[in-house]
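Derivation of every value follows stated rules applied to the coordinates shown; laboratory data play no part. What you are looking at is a predicted structure, and each value in this text was computed from that prediction instead of being measured. All Cβ positions, even for glycine, are placed from backbone atoms using ideal geometry, and neighbour counts span all protein chains on display.
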Amino acid sequence: MIGKFSGRAWKYGDNINTDVIFPGKYTYQKMEPEEMAKHALEDLDPGFVGKVKEGDILVAGKNFGMGSSREQAAVAVKYAGIRVIIAVSFARIYFRNAINAGMPAIKLPPAAAAIEDGDEVTVDMAKGEIVTPKGVFSFPPYPETVMNILEKGGLINYIKAQVEAPRGAGAL
């Protein structure tokens, strides 16, 4: 799951809040992740869900994910097909929610600035590299524990695997 992958870049600006990523009007409705995905970015880019493809990459400016702490904002874009988010910076809670949902969030201002909407971008999580039409950008690879969380598809799956592991095989 985590490794090297490529996709089309969807680029948006600064201060994209969680209400725009996953509209607040759906917050208190019980939905499975696949249903949440149908509403990803609908207030910012109404055609997004119909055009995004599995493995695409979201690129943003400063403070991506600001606003409320709703987990649905990370889950919705992941299940819509986004593989990774690259931004100038993230709101702290959104960054953590993305990791918890099993989606890499990479803070790398030079790459975020260089990537254009529609660019083909390759991300190598193990090497810590983002390859764009304008060059190669490096980032520090995630620590092993975070990579394991991403590999398992999120924090809940990671914890379940730890609890279910035979004694002596990394059990909690």
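Brief remarks on what is shown
- Test for ILE130: is it of a type in the set (A, V, I, L, M), in contact with a helix residue (DSSP H, G or I) (Cβ under 9 Å, 6 or more places away or on another chain) and assigned to a strand (DSSP E or B): yes
- Across region 87-111, the number of residues qualifying as in contact (Cβ under 8 Å) with a residue 60 or more places away in the chain and under 17 Å from GLY7 (Cα atoms) comes to 1.
- Some residue of region 10-19 being among the hydroxyl-bearing types (Ser, Thr, Tyr) and more than 16 Å from the chain's Cα centre (by Cα): no
- Breaking point among (1) assigned to a strand (DSSP E or B); (2) surrounded by 22 or more Cβ atoms within 10 Å (Cβ to Cβ); (3) in contact (Cβ under 8 Å) with a residue 40 or more places away in the chain, for THR122: (2)
- Scanning region 85-114 for residues that are small (Gly, Ala, Ser) and surrounded by fewer than 20 Cβ atoms within 10 Å (Cβ to Cβ) yields a total of 3.
- The lone criterion from (1) in a helix (DSSP H, G or I); (2) free of Cβ contacts under 8 Å to residues at least 24 places away in the same chain left unmet by TYR28 is number (1).
- Options GLY128, GLY135, GLY154: the member that is under 30 Å from LYS30 (Cα atoms) and either small (Gly, Ala, Ser) or without any contact (Cβ under 8 Å) to a residue 12 or more places away in the chain (or both): GLY154
- From the list GLY135, GLY55, the one residue that fits, being surrounded by fewer than 17 Cβ atoms within 10 Å (Cβ to Cβ) and touching a strand residue (DSSP E or B) at 6+ places or on another chain (Cβ under 6 Å), is GLY55.
- Selection from region 61-83 of residues that are closer than 14 Å to GLY154 by Cα, charged (D, E, K, R) and either outside any helix (DSSP H, G or I) or touching a Phe, Trp or Tyr at 6+ places or on another chain (Cβ under 6 Å) (or both): GLU71, ARG83
- In the set ILE106, ILE86, ILE93, only one residue is assigned to a helix (DSSP H, G or I) and of a type in the set (A, V, I, L, M); that residue is ILE93.
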